[in-house]
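Contents: one structure, followed by commentary.
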Amino acid sequence: MISFVQSSETRFEPILNDDIVLASSWIKNETAPSTVIISEWSYGFPLEAFSQRPAIIDGGRQVTPRSYWVNHAFAINNESLSIGIFSMLSTSGDKPIELLENKTGNTQLTVTILDDILGVDKEKARRILKEKYNMDPIFTEKLLLYTHPRKKQPFIILTCDDMISVGHWCYHYGRWDFNKSKGPDSIYSLGSSNDAGKTRRYSNNVTLNLDTGGLWENKRPYNTLIKDKNSTRVITGDKKSNFTIIFLLDKNWAIITDKSFQDSLFVKLVILKEETEHFKPIYKNNSTIVWAVK
């Protein structure tokens, strides 16, 4: 176990386990030196040190536009847009964001424009900028050089089980409203249990019946997702409910999350650890997975 100082007190808390060190070693030996690592910010410095690869965000770059965009890419359920965001950041960094914000003078409008163009091909993005936003051709071509670069830096995504405990920050910052200067009122809670029977009770006031699904404070969720080894079962609940409960039986964890977060990239890769339409695992160990675009 590797530890780093977390405060001025005389104590150490582990923030990096051996699985991440092993994954970093694999990245160092099996990926191109130009490969960019995308992960939760707190792993940035150690990943850079052990893998000798650049991380898209680390402890020294938290209050920057890319902090929002990395969380945004994880918080949404549009994989094409997530890939476009990761590709832009890996190749161009903050340049297109700054360029567009200097043009619009409006952060929320900048976000909206990039959301519209990053998930589509270059030609469609060009039409959107011209027809929807009336951007002049010279500016449009300059912006597209950064948002849709001809030569793209390769990137990989590293996820680990510890990220589940901070999932609320992904949702909070990834869906930030710049007009209101606040994140959404999100639902996110992680609980554990020592029960192993058909009915299980968790520390966050969640109950699971393996046949009928979950309850949170005796309220039915929108959906119950039960992950058992390599399969996920969905039990439909109350369609008027605003939350979903995800059960990880191998860990005996229960995660309550806003139902709008249920299909996010974060839930797919970090919580459920499932290969998706566009992302596949290329390395995995006990708690850590490295993902690449198919």
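The values are calculated or read from the model by the stated rules, or taken from the named source; none is laboratory data. Quick caveat: nothing in here was measured; it's all calculated off a predicted structure. All Cβ positions, glycine included, derive from the backbone under ideal geometry; neighbour counts span all protein chains shown. Heavy atoms of the whole protein, side chains included, go into the accessibility calculation; ligands, DNA and RNA do not. Shrake-Rupley method; radii C 1.70, N 1.55, O 1.52, S 1.80 Å.
Among the residues of region 238-250, are any under 18 Å from Gly167 (Cβ atoms), among the hydroxyl-bearing types (Ser, Thr, Tyr) and crowded, with 18+ Cβ neighbours inside 10 Å?
yes
Report, by residue number, each residue of region 121-131 that is over 19 Å from Lys95 (Cβ atoms) and touching a helix residue (DSSP H, G or I) at 6+ places or on another chain (Cβ under 7 Å).
Ile128, Lys130
Under the condition of being assigned to a loop (DSSP other than H, G, I, E, B) and polar (S, T, N, Q), which residue from region 180-191 is surrounded by the most Cβ atoms within 10 Å (Cβ to Cβ)?
Filtering region 180-191 for residues that are assigned to a loop (DSSP other than H, G, I, E, B) and polar (S, T, N, Q), the one surrounded by the most Cβ atoms within 10 Å (Cβ to Cβ) comes out as Ser186.
Examine region 115-128 for a residue that is under 30 Å from Asn17 (Cβ atoms) and open to solvent by less than 90 Å² (accessible area, probe 1.4 Å), and state whether such a residue exists.
No, region 115-128 has no match at all.
Hey, can you tell me all the residues within region 242-261 that are touching a helix residue (DSSP H, G or I) at 6+ places or on another chain (Cβ under 7 Å) and in a loop (DSSP other than H, G, I, E, B)?
Correct list: Asn242 only.
Only residues that are open to solvent by 20 Å² or more (accessible area, probe 1.4 Å) and among the polar types (S, T, N, Q): list them for region 129-148, please.
Asn134
Taking into account only those residues within region 215-232 that are within 22 Å of the chain's Cα centre (by Cα) and free of Cβ contacts under 8 Å to residues at least 12 places away in the same chain, which is most open to solvent (accessible area, probe 1.4 Å)?
Among those residues, the one meeting the criterion is Asn230.
Somewhere in region 183-202, is a residue of a type outside the set (Ser, Thr, Tyr) and under 27 Å from Ser92 (Cα atoms)?
Looking through region 183-202, at least one residue is of a type outside the set (Ser, Thr, Tyr) and under 27 Å from Ser92 (Cα atoms).
Could you pull out the residue among Ser42, Ser24 that is modelled with pLDDT of 95 or more and over 19 Å from His148 (Cβ atoms)?
Ser24
So which pairs qualify, if the first residue must be in region 22-39 and part of a helix (DSSP H, G or I), the second must be hydrophobic (A, V, I, L, M, F, W, C), the Cβ gap must be under 6 Å, and the two must be at least 6 apart or on different chains?
As it stands, the answer is Ala23/Val290; Ser24/Leu47; Ser24/Phe50, since those pairs meet every condition given.
Looking at region 166-179 only, could you name the residues that are crowded, with 18+ Cβ neighbours inside 10 Å and part of a loop (DSSP other than H, G, I, E, B)?
Arg175, Trp176
With respect to Lys151, is the statement that it is open to solvent by 30 Å² or more (accessible area, probe 1.4 Å), of a type in the set (D, E, K, R) and without any contact (Cβ under 8 Å) to a residue 60 or more places away in the chain true?
No; evaluated as a whole, the condition is false for this residue.
Looking only at region 219-241, which residues are in a loop (DSSP other than H, G, I, E, B) and modelled with pLDDT of 95 or more?
The answer is Arg220, Pro221, Tyr222, Gly237, Asp238, Lys239, Lys240, Ser241.
Would region 192-214 turn up any residue that is in contact (Cβ under 8 Å) with a residue 60 or more places away in the chain and either in a strand (DSSP E or B) or open to solvent by less than 40 Å² (accessible area, probe 1.4 Å) (or both)?
Yes.
Hey, can you tell me all the residues within region 154-165 that are open to solvent by 20 Å² or more (accessible area, probe 1.4 Å), in contact with a helix residue (DSSP H, G or I) (Cβ under 8 Å, 6 or more places away or on another chain) and outside any loop (DSSP other than H, G, I, E, B)?
Phe155 - this is the single residue of region 154-165 that is open to solvent by 20 Å² or more (accessible area, probe 1.4 Å), in contact with a helix residue (DSSP H, G or I) (Cβ under 8 Å, 6 or more places away or on another chain) and outside any loop (DSSP other than H, G, I, E, B).
Restricting attention to region 251-267, which residues are open to solvent by 50 Å² or more (accessible area, probe 1.4 Å), within 19 Å of Ala75 (Cβ to Cβ) and touching a strand residue (DSSP E or B) at 6+ places or on another chain (Cβ under 8 Å)?
Lys259 - this is the single residue of region 251-267 that is open to solvent by 50 Å² or more (accessible area, probe 1.4 Å), within 19 Å of Ala75 (Cβ to Cβ) and touching a strand residue (DSSP E or B) at 6+ places or on another chain (Cβ under 8 Å).
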